[in-house]
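The values are calculated or read from the model by the stated rules, or taken from the named source; none is laboratory data. Worth saying up front: this structure is predicted, and the values here are computed from it rather than measured. Positions of Cβ are backbone-derived with ideal geometry, glycine not excepted, and every protein chain shown enters the neighbour counts. For the accessible areas, the whole protein counts, side chains as well, though only heavy atoms, and no ligand, DNA or RNA atoms are used. Shrake-Rupley method; radii C 1.70, N 1.55, O 1.52, S 1.80 Å.
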Amino acid sequence: MGGEAPGMAVRWAWMALAYTCLAVGLVGIVLPVLPTTPFILLAAFAADRGSPRLHAWLLRHRVFGPAIRDWRESRSVGRRAKVLATAVMASAAVIMAFTAPPVIAAAATLVMATVATWLWMRPEPVRP
């Protein structure tokens, strides 16, 4: 019985990380400064260790599932996801250029440019 408590605590920690990353990833869908894909991938990684049920749901998800499987199999990101993410980040940068204080707009644009560069450096999945 004493050996179960540390294992359960670790499982709960993985589960908490999975749900937190999923929440941040979902927020990232509407706030382009937060990158969605890395948080969803991290949620899947943590769920695999802490919540088999959440992990299975993520893999079956219509939107997240293919991206997670592509990343697992070949560390790749689909072109559609790259284009969509880049377009949303570029739109956010333009909006911030006109509405946010210059330092904040510049910092956020730099973060988004870094994420976009990382994203476009990933290979694309090979489809049969």
Of ARG53, ARG49, which residue is of a type in the set (Lys, Arg), in contact with a His (Cβ under 9 Å, 6 or more places away or on another chain) and outside any loop (DSSP other than H, G, I, E, B)? ARG49
MET89 passes all but one of the listed conditions (1) within 12 Å of the chain's Cα centre (by Cα); (2) surrounded by 15 or more Cβ atoms within 10 Å (Cβ to Cβ); the exception is number (1)
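Can you tell me how many residues within the stretch 36-86 are among the aliphatic types (A, V, I, L, M), more than 16 Å from ALA13 (Cα to Cα) and crowded, with 17+ Cβ neighbours inside 10 Å? I'd like the intermediate steps shown before the answer.
Within the stretch 36-86, the subset among the aliphatic types (A, V, I, L, M) is 40-44, 46-47, 54, 56, 58-59, 63, 67-68, 77, 81, 83-85.
If we keep only those that are more than 16 Å from ALA13 (Cα to Cα) too, we end up with 40-41, 56, 58-59, 63, 67-68, 77, 81, 83-85.
This time we only want the ones that are crowded, with 17+ Cβ neighbours inside 10 Å, so: 40-41, 58, 67-68, 77, 81, 85.
Counting residues in the stretch 36-86 that are among the aliphatic types (A, V, I, L, M), more than 16 Å from ALA13 (Cα to Cα) and crowded, with 17+ Cβ neighbours inside 10 Å gives 8.
Please indicate, with yes or no, whether at least one residue in the stretch 92-103 is under 15 Å from the mean Cα position of the chain (by Cα), touching a residue at least 12 places away in the same chain (Cβ under 8 Å) and closer than 21 Å to VAL30 by Cβ.
Applying the first criterion (under 15 Å from the mean Cα position of the chain (by Cα)) to the stretch 92-103 yields none.
No, the stretch 92-103 contains no residue that is under 15 Å from the mean Cα position of the chain (by Cα), touching a residue at least 12 places away in the same chain (Cβ under 8 Å) and closer than 21 Å to VAL30 by Cβ.
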Can you pull out every residue in the stretch 75-105 that is part of a helix (DSSP H, G or I) and in contact with a Pro (Cβ under 6 Å, 6 or more places away or on another chain)? VAL88, MET89, ALA92
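Tell me, yes or no, whether the stretch 16-35 has at least one residue that is in a helix (DSSP H, G or I), open to solvent by 70 Å² or more (accessible area, probe 1.4 Å) and of a type in the set (Ser, Thr, Tyr). If you could, list the steps in order and put the result at the bottom.
Keep residues of the stretch 16-35 that are in a helix (DSSP H, G or I), which gives 16-30.
Filter again for open to solvent by 70 Å² or more (accessible area, probe 1.4 Å), leaving 19-20, 26, 29-30.
Then keep just the ones that are of a type in the set (Ser, Thr, Tyr); that gives 19-20.
The answer is yes; a qualifying residue exists.
Look at ALA108 and say whether it is surrounded by 15 or more Cβ atoms within 10 Å (Cβ to Cβ), part of a helix (DSSP H, G or I), under 18 Å from the mean Cα position of the chain (by Cα) and modelled with pLDDT of 90 or more. Working first, answer last.
Details: surrounded by 15 or more Cβ atoms within 10 Å (Cβ to Cβ): yes; part of a helix (DSSP H, G or I): yes; under 18 Å from the mean Cα position of the chain (by Cα): yes; modelled with pLDDT of 90 or more: yes.
The answer is yes for ALA108.
Test TRP12 against the criterion of being in contact with a Gly (Cβ under 9 Å, 6 or more places away or on another chain) and either part of a helix (DSSP H, G or I) or among the polar types (S, T, N, Q) (or both), and give yes or no. Write out each step before concluding.
Numbers: in contact with a Gly (Cβ under 9 Å, 6 or more places away or on another chain): yes; either part of a helix (DSSP H, G or I) or among the polar types (S, T, N, Q) (or both): yes.
Considered against the rule, which asks whether it is in contact with a Gly (Cβ under 9 Å, 6 or more places away or on another chain) and either part of a helix (DSSP H, G or I) or among the polar types (S, T, N, Q) (or both), TRP12 comes out as yes.
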